[in-house]
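For reference, the structure is listed below as structure tokens.
Readers should treat all values here as calculations from the given coordinates under stated rules, not as data from a laboratory. Note that the structure is a prediction, hence the values are computed from the model and not measured. Counting neighbours? That spans all protein chains shown, and the Cβs are built from the backbone with ideal geometry, glycine included.
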Amino acid sequence: MDQPKSVKVLTFYPEKCTGCKDCEKACSNVHFKTKDGGEQSALRIIKKGKRYDMHVCDQRGLCLDICPVGALTRRKNGVVWLDTKICIGCQACVGFCPIGAMRTSKVRIEPFKCISCGACVRACPEQALELVEKKVASISQVVYHKQGVSPS
């Protein structure tokens, strides 16, 4: 399969964010059909002093090699995807994710993450979020490569 050339990555503009968390609520609606936000959102808005910061998957793909059953793949659109039909709920990807962007929830065994769907972007009244097209080659990282093993 040909590797995707680009991927849409969620970009945050902290100077525009008011901390309303409408983006979190929209995200939890996508993943869990609830508008609770917080623990059921793949992105988190965090207050840092007088400003806000965002914590979310950056689609680098470091987690791709860690899944023992191959439930993590890079889709044709470049997004790192967790196939819940394959996932066994071992949580290896959650523990491995170097930025802590693979999330867990008490309501299901499979983890979840940002899928670059844009629901949060559309929900933000301040336009503090944007999906930005990036070249996969410029953001992609492979764990095995760092260990001296060539990726196939």
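At-a-glance table
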quantity	calculated
Estimated distance in nm for a label pair at LYS85 and ILE109, the labels positioned 7 Å out from Cα along Cα-to-Cβ	1.7 nm
(1) 11, 35, 28, 16, 8, 1; (2) 9, 25, 19, 24, 18, 5, 0; (3) 11, 39, 36, 13, 1, with the label sought being that of the calculated P(r) over Cα pairs in 10 Å bins from 0, in percent	(3)
Value at 222 nm in deg cm²/dmol, rounded to 500, when DSSP H runs of n ≥ 4 in the chain each add -39,500 (n - 2.57)	-4000 deg cm²/dmol
Charge dipole (the chain, unit charges on Cβ, about Cα centre) - positive-most of VAL107, GLN3, GLY78	VAL107
Test item: Cα-centred dipole of segment 72-120, Lys/Arg +1 and Asp/Glu -1 on Cβ, debye	100 debye
The chain: angle of helix 22-32 to the longest principal axis, Cα-based, in degrees nearest 10	50 degrees
Dipole magnitude (debye, nearest 20) for the chain, charges at Cβ of Lys, Arg, Asp, Glu	140 debye
Net charge, ASP53 excluded, C-beta distance under 11 Å - Lys, Arg +1, Asp, Glu -1	+4
Backbone N under 11 Å from the ALA137 label point (7 Å along Cα→Cβ), restricted to segment 5-27	5-6
Neighbour net charge for TYR13 - beta-carbon separation under 12 angstrom, K R +1, D E -1	-2
